[in-house]
1. If you check Val179, Val166, Val231, Val194, which single one turns out to be farther than 30 Å from Val38 by Cα and touching a Leu at 6+ places or on another chain (Cβ under 9 Å)?
2. List pairs: first in segment 152-178 and in contact (Cβ under 8 Å) with a residue 40 or more places away in the chain and on the phi > 0 side of the Ramachandran plot, second outside any loop (DSSP other than H, G, I, E, B) and of a type in the set (A, V, I, L, M, F, W, C), Cβ under 9 Å, 6+ apart or cross-chain?
3. Pick from segment 327-353 the residues that are without any contact (Cβ under 8 Å) to a residue 24 or more places away in the chain and not in a helix (DSSP H, G or I): which of them is surrounded by the fewest Cβ atoms within 10 Å (Cβ to Cβ)?
4. Among the candidates Gly278, Gly284, single out the residue that is at positive phi, in contact (Cβ under 8 Å) with a residue 12 or more places away in the chain and either surrounded by 13 or more Cβ atoms within 10 Å (Cβ to Cβ) or not charged (D, E, K, R) (or both).
5. Only one of Leu271, Leu262, Leu317 is assigned by the TED database to the domain that holds Leu343 and in a loop (DSSP other than H, G, I, E, B); which?
6. Output the number of residues of segment 255-302 satisfying the condition of being of a type in the set (S, T, N, Q), in contact with a Gly (Cβ under 8 Å, 6 or more places away or on another chain) and closer than 29 Å to Ser351 by Cα.
7. Enumerate the pairs (first residue in segment 204-224 and under 13 Å from Val182 (Cβ atoms) and in contact (Cβ under 8 Å) with a residue 24 or more places away in the chain; second residue anywhere and in a loop (DSSP other than H, G, I, E, B) and among the hydrophobic types (A, V, I, L, M, F, W, C)) with beta-carbon separation below 8 Å, excluding pairs fewer than 6 apart on the same chain, so at least 6 apart or on different chains.
8. Please verify whether Leu186 is under 21 Å from Glu73 (Cβ atoms), more than 16 Å from ligand 2 (Cβ to nearest atom) and not in a loop (DSSP other than H, G, I, E, B), treating the condition exactly as stated.
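The values are calculated or read from the model by the stated rules, or taken from the named source; none is laboratory data. Predicted, not measured: the structure shown is a model, and the values here were computed from it. Every residue, glycine as well, gets a Cβ built from its backbone with ideal geometry; the counts of neighbours run over all protein chains shown.
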Amino acid sequence: MTTPTIELKPSSHPLSGAEREAILASPGFGRHFTDHMVTIKWTEGRGWHDAQLVPYAPLSIDPANMTLHYAIEIFEGLKAFRRPDGSVATFRPEANAERFQRSARRLAMPELPVETFVEACDALVRADMAWVPAHGGESSLYLRPFMIATEVGLGVRPANEYLFIVIASPAGAYFPGGVKPVSIWLSEDRVRAVPGGMGDAKTGGNYAASLLAQAEAAEKGCDQVAYLDAVEHKWVEELGGMNLYFVYGDKIVTPELTGSLLAGITRDSLLQLAQDLGYKSEEGRVSIDQWREDTKNGTLTEVFACGTAAVITPVGLVKSAGGDWKQSGGQPGEVTLRLRKALLDIQTGRSQDIHGWTHEL
Ligand code: PLP
Ligand code: COI
């Protein structure tokens, strides 16, 4: 398959430097978007074509567009970080590209070549370099590559036309409290994904499926929902947009990839990074009873959530039908904070990247 070259069309209405700086001073998460976007089309029989870097602008969509009716959508999330010398690097973009291909296969969508995915992200970051927040804080430029079907029609089948887009948004902390511990509602009845379903694909439908449980958690005063497996309603899987880690002294354990949870790139990086720091790390099964009991008997010392948007966020409180408990005294734990710093130091170029995870632009 030929890889289209990305053609540049300068932005017609970029924000002024002063407007941009005002946004970068307090970006929030996913509220502001940069001046450009990359678009690449796919048509049956022709493959990928018309790769363009164009001004960020609304799309015009036919009301009978297949995506609007059947949620034929996949997406990714990765970040570009400003380094101490002013240069910019993204974190493991090839891993996102590979997961994007796996998501595409699950939804019978065309697979974008890894190098085209990475080139599209690079082209957007280069064009909107001024939008990458300064080194030193916790802000970064969040990239959101995604793909939708663009065919018009109401028949349920794989489409014959798709559109891949990358947009970018300056991002501060995903949770307004930053590293402040979050509270979790343990959902024992509502599930996020089932065996054989789409839980390991990064597709909009999974997030739509999580909204009711998320709203119920908010009613209970919780920030996030922890989902259990859909068969036994017993094994902890993940949060709606983050993986989970359990800290047992000097060992960190994350739920194994059963097919119904997302293979997070942060999760994968931490399996390695923990070992680099002298901890043990493993994938395993953790039941809710174990979570409760091991917290009570003191062997489970910390719990944290991890993901691109959330980085590493401590869990401070768990609420469940069977009772509530504080995690790590409601404070960020030592191992959590050490891993968080080590990860951010690599991502922002403050420490040596021995695994070749950072992709310099
Ligand atoms: N789980 C879900 C459901 C997610 O949406 C995300 C976010 O991307 C993650 C886990 C963490 O994945 P990553 O570390 O690749 O961002
Ligand atoms: C990410 O971390 O990139 C995600 O896609 C999670 C989402 C909840 C923002």
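1. Working: Val166 fails: farther than 30 Å from Val38 by Cα; Val231 fails: touching a Leu at 6+ places or on another chain (Cβ under 9 Å); Val194 fails: touching a Leu at 6+ places or on another chain (Cβ under 9 Å).
Of Val179, Val166, Val231, Val194, the one residue that is farther than 30 Å from Val38 by Cα and touching a Leu at 6+ places or on another chain (Cβ under 9 Å) is Val179.
2. Pairs that qualify, where the first residue is in contact (Cβ under 8 Å) with a residue 40 or more places away in the chain and on the phi > 0 side of the Ramachandran plot and the partner is outside any loop (DSSP other than H, G, I, E, B) and of a type in the set (A, V, I, L, M, F, W, C), are Gly153/Met66.
3. Per the criteria, the residue is Gln352.
4. Working: Gly284 fails: at positive phi.
The match here is Gly278.
5. On the way: Leu271 fails: in a loop (DSSP other than H, G, I, E, B); Leu317 fails: in a loop (DSSP other than H, G, I, E, B).
Step by step, each of Leu271, Leu262, Leu317 is checked, and only Leu262 is assigned by the TED database to the domain that holds Leu343 and in a loop (DSSP other than H, G, I, E, B).
6. Qualifying residue count, segment 255-302: 2.
7. Short answer, once both residue conditions are applied: Asp223/Phe175; Gln224/Met242.
8. Values: under 21 Å from Glu73 (Cβ atoms): no; more than 16 Å from ligand 2 (Cβ to nearest atom): yes; not in a loop (DSSP other than H, G, I, E, B): yes.
Considered against the rule, which asks whether it is under 21 Å from Glu73 (Cβ atoms), more than 16 Å from ligand 2 (Cβ to nearest atom) and not in a loop (DSSP other than H, G, I, E, B), Leu186 comes out as no.
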